[in-house]
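Peer 1: Before I ask anything, here is the structure I am working with.
The values are calculated or read from the model by the stated rules, or taken from the named source; none is laboratory data. The structure displayed is predicted, hence computed values, not measured ones. For neighbour counting, all protein chains shown are included, and Cβ atoms are generated from backbone atoms with ideal geometry for every residue, glycine included.
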Amino acid sequence: MPFSVDGGDITITGDYINARYFSIQVYNEKGQLSDGSTSLADYLIEPAEGFSNPWSTGIYPPDTPQSFQITVSSNAPEGSNMLSMPDTGTKGFLMLRVYVPDSLPFSANIFSTTQTPAQTISAAFALISGHLPLVTVATTSGDVDLPTCSSTQGAQLTNRSTQGSVESYVDLLTPGLVKAKTKSMFNSRGQSSAAPRLQFFRTSSGSTPFPNGNSAYAAAVYKVLPGEAVIVRAELPATPWDSPGTTWQGSNPVQWPTSGDSSEYQLRYLSFCSYLDKLPYPVVSITDGCATDTQIRTAMNGDSSTIAIVTRYNDRPTVDEIGSNFIWLPAANSKADQVFAIRNMLPSTSFAESVTNVTPPPNGTFNPTLTKSVMGDYYPTAYRCDLDVLKKVGPINCRLK
């Protein structure tokens with residue numbers, strides 16, 4: 001949600017969301033986090049009087065919704081539930097992020113098992129609007145509650161034919177961002193060097209618009225031609241992927257932070273995603289371009305030693321064809337660079353091998369050696385493989401030099 005930095009304080013009043021993770025973050029006009037208190041993850045949000053935070057109690061859903069209130073102010077004092085206005089520019093953005101909600105938009109319900117399923121984009125927005133926090137802006141004439149977008153407006157926002165290209169939409173939100181950055185994040189144009197192929201490195205925090213302050217990524221650049229596959233092997237840290245959700249496995253809050261014991265979680269959330277190396281770096285597909293830790297572990301029958309296979313859609317293999325469990329991600333039908341990214345979110349204090357502990361490199365530089373030294377046994381490996389050979393020898397022994 002865009003807002004004017006020159007305006008009054010903003011108050012956000014809402015209920016804790018039944019999901020693996022949610023946060024509220026403030027961005028400046030360039031779509032970046034400013035210095036200061038600009039991010040609140042779910043477990044850090046203090047409840048309103050008489051309510052409780054489910055990430056503190058580990059109990060959700062409670063009998064009644066549990067409420068909170070957050071203030072965004074240019075004079076934000078030190079204390080709970082306070083976020084700072086952007087320190088530069090005249091415009092800012094509020095971002096509400098939700099990962100692995102207890103219900104999904106299509107065709108299941110949103111945030112509640114009692115809602116009628118949403119079958120269209122308009123219906124989905126109509127359901128979501130009933131669960132969004134109330135945003136109140138202080139003005140010289142009094143406090144003003146902002147209306148939510150209608151279902152029709154929400155559907156229009158997702159219609160590329162009426163809104164133009166994705167780049168045009170990004171430029172509408174943050175003028176100049178498209179021109180100020182190179183179209184590619186990882187090639188050598190406008191960069192001090194090109195990203196190494198099929199080697200994982202931590203991405204720089206300012207390389208994409210609206211980065212999540214609670215996450216970091218180990219990313220590798222790749223290309224996939226017809227008849228080829230990219231194999232990614234990784235050891236997965238412990239996450240709440242199989243925690244009992246109300247509707248979906250791994251979709252409810254868990255008590256956080258963890259105690260740090262070996263039996264506890266190492267990360268709140270992990271995912272594999274396949275992105276296009278083009279601003280604003282969208283996933284290859286909104287339906288299957290990412291895999292949650294629950295989907296990955298389920299595909300691997302719970303095994304933490306994971307194999308991911310990336311191919312073009314027409315080349316997608318089956319488990320029977322290669323004789324091994326794996327998680328599949330799509331590659332775009334393009335010769336352009338693409339990016340395989342492993343998201344680490346909210347590590348426990350005892351999990352030193354998280355990519356979040358790798359010092360972010362300056363924009364345009366890449367650090368696979370440092371990333372590997374920090375991640376240790378959790379550092380992923382990637383290599384290309386011919387599909388015919390893959391089906392003969394399997395993903396472990398298949399490798400193109």
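Peer 1: Among the residues of segment 211-251, write down those that are among the polar types (S, T, N, Q), at pLDDT 90 or above and part of a loop (DSSP other than H, G, I, E, B).
Peer 2: 212, 214, 239
Peer 1: For segment 309-356, what are the residues that are farther than 22 Å from residue 279 by Cα and within 19 Å of the chain's Cα centre (by Cα)?
Peer 2: 327, 328, 345, 346, 347, 348, 354, 355, 356
Peer 1: Could you check residue 267 against (1) of a type in the set (A, V, I, L, M); (2) at pLDDT 90 or above; (3) surrounded by fewer than 22 Cβ atoms within 10 Å (Cβ to Cβ) and say which number it fails?
Peer 2: In the conditions (1) of a type in the set (A, V, I, L, M); (2) at pLDDT 90 or above; (3) surrounded by fewer than 22 Cβ atoms within 10 Å (Cβ to Cβ), residue 267 misses (3) alone.
Peer 1: Is it the case that residue 376 is out of contact with any helix residue (DSSP H, G or I) (no Cβ under 6 Å at 6 or more places or on another chain), at positive phi and either modelled with pLDDT of 95 or more or among the aliphatic types (A, V, I, L, M) (or both)?
Peer 2: It is true that residue 376 is out of contact with any helix residue (DSSP H, G or I) (no Cβ under 6 Å at 6 or more places or on another chain), at positive phi and either modelled with pLDDT of 95 or more or among the aliphatic types (A, V, I, L, M) (or both).
Peer 1: So, in segment 208-232, of the ones that are of a type in the set (Gly, Ala, Ser) and surrounded by fewer than 20 Cβ atoms within 10 Å (Cβ to Cβ), which residue ends up nearest to residue 282 (Cα to Cα)?
Peer 2: First, pick out the residues of segment 208-232 that are of a type in the set (Gly, Ala, Ser): 213, 215-216, 218-220, 227, 229.
Checking which are surrounded by fewer than 20 Cβ atoms within 10 Å (Cβ to Cβ) leaves us with 213, 227.
Numbers: 213: 18, 227: 24 Å.
Checked segment 208-232; the qualifying residue nearest to residue 282 (Cα to Cα) is 213.
Peer 1: Could you figure out which of (1) loosely packed, with under 13 Cβ neighbours inside 10 Å; (2) modelled with pLDDT of 95 or more isn't true of residue 301?
Peer 2: Failing condition for residue 301: (2).
Peer 1: What are the residue pairs meeting all of these: first residue in segment 333-358, first residue closer than 22 Å to residue 195 by Cβ, second residue part of a loop (DSSP other than H, G, I, E, B) and among the acidic types (Asp, Glu), Cβ atoms under 9 Å, and 6 or more apart or on different chains?
Peer 2: So the pair list comes out as 336/277; 337/277; 338/277; 339/277.
Peer 1: A follow-up question, please. Can you spot a residue in segment 263-282 that is of a type in the set (A, V, I, L, M), part of a strand (DSSP E or B) and either farther than 30 Å from residue 209 by Cβ or touching a helix residue (DSSP H, G or I) at 6+ places or on another chain (Cβ under 9 Å) (or both)?
Peer 2: For segment 263-282, residues of a type in the set (A, V, I, L, M), part of a strand (DSSP E or B) and either farther than 30 Å from residue 209 by Cβ or touching a helix residue (DSSP H, G or I) at 6+ places or on another chain (Cβ under 9 Å) (or both): present.
Peer 1: If you don't mind, another one. Please give the number of the condition residue 346 fails out of (1) at pLDDT below 95; (2) surrounded by 18 or more Cβ atoms within 10 Å (Cβ to Cβ).
Peer 2: (1)
Peer 1: Could you check segment 27-62 and list, in sequence order, the residues that are at pLDDT below 85 and farther than 27 Å from residue 2 by Cβ?
Peer 2: Hits for segment 27-62 are 58, 59, 60, 61, 62.
Peer 1: Can you go through 37, 56 and tell me which one is part of a loop (DSSP other than H, G, I, E, B) and either more than 14 Å from residue 133 (Cα to Cα) or not assigned by TED's automatic domain parsing to the domain that holds residue 138 (or both)?
Peer 2: Among 37, 56, only 37 is part of a loop (DSSP other than H, G, I, E, B) and either more than 14 Å from residue 133 (Cα to Cα) or not assigned by TED's automatic domain parsing to the domain that holds residue 138 (or both).
Peer 1: Right, something else. Just a yes or no: is a residue in segment 55-63 in contact with a strand residue (DSSP E or B) (Cβ under 6 Å, 6 or more places away or on another chain) and crowded, with 18+ Cβ neighbours inside 10 Å?
Peer 2: No: segment 55-63 contains no residue that is in contact with a strand residue (DSSP E or B) (Cβ under 6 Å, 6 or more places away or on another chain) and crowded, with 18+ Cβ neighbours inside 10 Å.
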